[in-house]
Amino acid sequence: MIDLEKIKLNFDKEMESVASEEELNVIRTRYLGKSGEVTSAMKFIKEIPNEEKKAFGESVNACKVYIEKGIENTKVLLEEK
């Protein structure tokens with residue numbers, strides 16, 4: 001199964017060194033793009049048993065929101081510099 005906590009940890013680690021909006025866009029694509037980590041996790045939902053879909057779907061959405069907020073917060077910080 002896809003480890004969403006690991007995705008978030010990797011995301012946090014990558015965000016520590018972001019110094020430009022270009023780097024931020026690369027990270028956004030890596031996690032939220034068409035073949036990104038979170039997008040792949042969303043596609044995985046159809047492969048798991050029905051009784052696990054709701055919980056896993058909620059976890060994927062929480063992970064997506066976490067990454068979106070992290071990107072948005074970093075974007076604001078970069079614009080202030």
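The values are calculated or read from the model by the stated rules, or taken from the named source; none is laboratory data. Just so we're clear, the structure is a prediction, and the values are computed from it rather than from any experiment. Every residue, glycine among them, receives a Cβ derived from its backbone with ideal geometry; neighbour counts consider all protein chains shown. Side chains are part of the model used for accessible areas, which takes the heavy atoms of the whole protein and leaves out ligands, DNA and RNA. Shrake-Rupley method; radii C 1.70, N 1.55, O 1.52, S 1.80 Å.
The selection criterion, being surrounded by 14 or more Cβ atoms within 10 Å (Cβ to Cβ), out of contact with any helix residue (DSSP H, G or I) (no Cβ under 7 Å at 6 or more places or on another chain) and on the phi < 0 side of the Ramachandran plot, does not hold for Glu47.
I'd like to know if segment 65-81 contains one or more residues that are part of a loop (DSSP other than H, G, I, E, B), open to solvent by 60 Å² or more (accessible area, probe 1.4 Å) and not small (Gly, Ala, Ser). Yes, that holds for at least one residue.
You will find that of Met15, Met42, the residue that is open to solvent by less than 80 Å² (accessible area, probe 1.4 Å) and either at pLDDT below 95 or at positive phi (or both) is Met42 and no other. Quickly run through segment 11-29 and pick out the residues that are in a helix (DSSP H, G or I) and touching a residue at least 12 places away in the same chain (Cβ under 8 Å). Result: Phe11, Asp12, Glu14, Met15, Glu21, Leu24, Ile27, Arg28.
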